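Structure first, commentary second.
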Amino acid sequence: MELVNTSKVQEFVLVGFGDQHQIRHLLVVIFAVLYILTLTENIVIIMLVFLDSHLAQLPMYVFLSNFSWLEMCYVTTTVPRMLYDLVTSKGNISFHACFLQFYIFFSLGSTECFFLSAMALDRYIAICHPLHYLQLMSKFICSALVSACWILGFLWYIVPVILISKLSFCGSNIINHLLCDPGPILSLACPPLGMIPFICQVFMNTMFAVNLIFVVLSYGMVILTLTKKSSQGRQRKTFSTILFHLVVVTLFYGSVAGVYLTPGGESQSGTNRLATIFYTIITPLLNPLIYCLRNGQVKEALGRLLKRKMRPEVIHHPVNVDTFGISWQVQCHIIVSVIAMDNPQNYLTEGKFVSKSSTLEYATASIYARIFLYSG
């Protein structure tokens with residue numbers, strides 16, 4: 001993607017929060033804390049899915065791990081730049097850096113729309129067609145959906161970014177916003193703009209409208225199915241899960257639609273800033289809490305991981321019992337003795353005595369073997 005700067009403007013100036021110097025330091029602290037919390041939450045989710053073999057096999061958690069990675073990229077595209085502008089009181093950003101932020105930010109936003117649709121589809125199949133879920137959401141189909149979300153998300157805004165970058169910017173270079181957004185950038189372009197604003201709006205509206213309609217229809221069918229088929233206990237639990245999913249969808253689409261889909265939304269600078277903060281900082285912070293950390297399977301996986309880390313270091317000491325020259329009956333006595341110390345499935349594998357215990361337990365097991373050998 002090649003950006004062509006045909007204008008006299010070599011850099012833009014992001015107004016950010018304006019001259020509100022009295023709250024700059026407070027905003028730096030708040031944004032920095034929220035940024036660190038967001039990264040921490042999403043890293044935990046990614047590591048859980050990666051380290052837990054059970055979660056890694058479930059399509060929903062494959063989507064969520066990718067969604068967490070997306071959220072980390074999403075906040076990193078905007079928040080560090082906001083913090084820099086707040087600390088330095090400067091908003092200077094080069095022409096190419098501005099359009100790069102514009103492209104990455106909107107590509108990640110589009111990818112999030114596709115992932116919300118993919119997760120809505122997953123819940124629809126799981127609840128409305130449970131007997132066909134494993135077939136319809138196989139590992140191959142899940143991987144294909146994940147790839148499609150990323151690819152479509154980063155292809156969608158290539159045309160608008162290139163078209164806007166070819167406009168001439170011969171007047172003011174001050175962007176009255178927190179980041180490089182197409183609306184404020186277009187307001188700085190010199191006429192004639194031609195069909196470029198209309199084309200950009202068509203791309204944007206199509207992206208949000210199609211995905212939003214798909215998500216609403218999917219969850220609508222899920223709710224309809226739950227009201228007809230589920231028992232009261234299962235219905236309450238599933239409704240609770242779906243409700244939190246709908247909260248995430250409402251927070252994201254509500255804030256985005258308020259800025260980009262309503263007439264004059266992009267011209268209301270104060271509301272625009274608040275909405276931008278909401279869907280760039282607050283929503284990525286809340287999504288892991290709503291989607292994962294309230295989930296029983298995630299809590300169980302976290303518990304298993306913590307127990308695994310708290311165990312003493314495990315050392316493999318394969319020992320062939322036959323080398324002691326004892327009978328099968330004595331081997332059984334040895335196995336029973338060792339079972340009393342640890343998990344039985346760790347010690348007998350195809351007639352061999354295999355210790356997965358610590359060094360001390362292995363030494364004790366060896367003593368047991370010799371005791372049984374000489375007492376037999």
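The values are calculated or read from the model by the stated rules, or taken from the named source; none is laboratory data. What you see is a predicted model, and the numbers here were worked out from it, not measured in a lab. All Cβ positions, even for glycine, are placed from backbone atoms using ideal geometry, and neighbour counts span all protein chains on display. Accessible surface areas use protein heavy atoms only, side chains included; no ligands, DNA or RNA. Shrake-Rupley method; radii C 1.70, N 1.55, O 1.52, S 1.80 Å.
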Next on the checklist: Looking at segment 67-96 only, could you name the residues that are of a type outside the set (S, T, N, Q) and either open to solvent by 40 Å² or more (accessible area, probe 1.4 Å) or part of a loop (DSSP other than H, G, I, E, B) (or both)?
Outcome noted: 69, 80, 81, 84, 87, 90, 91, 96
Checklist entry - Which condition breaks for residue 262 when tested against (1) modelled with pLDDT of 70 or more; (2) open to solvent by 20 Å² or more (accessible area, probe 1.4 Å)? => result (1)
Checklist entry - Looking at residue 98, is it over 30 Å from residue 223 (Cβ atoms), touching a residue at least 12 places away in the same chain (Cβ under 8 Å) and not polar (S, T, N, Q)? => result yes
Checklist entry - Do you know which of the residues in segment 27-53 that are of a type in the set (Phe, Trp, Tyr) and open to solvent by 30 Å² or more (accessible area, probe 1.4 Å) is nearest to residue 273 (Cα to Cα)? => result 35
Item to check | Matching option when the condition is open to solvent by 40 Å² or more (accessible area, probe 1.4 Å) and more than 30 Å from residue 28 (Cβ to Cβ), among 154, 115, 63 | outcome: 154
Checklist entry - Do we find a residue being at pLDDT 80 or above, open to solvent by 60 Å² or more (accessible area, probe 1.4 Å), in a helix (DSSP H, G or I) and farther than 22 Å from residue 104 by Cα anywhere in segment 269-284? => result no
Checklist entry - closer than 30 Å to residue 224 by Cβ, among the charged types (D, E, K, R) and touching a residue at least 24 places away in the same chain (Cβ under 8 Å), is that true of residue 85? => result no
Checklist entry - Does segment 131-138 contain any residue that is more than 25 Å from residue 279 (Cα to Cα), among the polar types (S, T, N, Q) and outside any helix (DSSP H, G or I)? => result yes
Checklist entry - Of all residues in segment 118-151 being of a type in the set (Ser, Thr, Tyr) and open to solvent by 50 Å² or more (accessible area, probe 1.4 Å), which is nearest to residue 201 (Cα to Cα)? => result 147
Next on the checklist: Of everything in segment 157-175, what is open to solvent by 20 Å² or more (accessible area, probe 1.4 Å) and closer than 25 Å to residue 112 by Cβ? Give them in sequence order.
Outcome noted: 158, 159, 162, 163
Item to check | Residue count, segment 206-217 (criterion: exposed (fewer than 13 other Cβ atoms within 10 Å of the Cβ) and of a type in the set (S, T, N, Q)) | outcome: 1
Checklist entry - So which residues in segment 13-29 are modelled with pLDDT of 85 or more and in contact with a helix residue (DSSP H, G or I) (Cβ under 9 Å, 6 or more places away or on another chain), if there are any at all? => result 27, 28
Checklist entry - Within segment 183-197, restricting attention to residues that are in a loop (DSSP other than H, G, I, E, B) and touching a Ser or Thr at 6+ places or on another chain (Cβ under 8 Å), which residue is surrounded by the fewest Cβ atoms within 10 Å (Cβ to Cβ)? => result 190
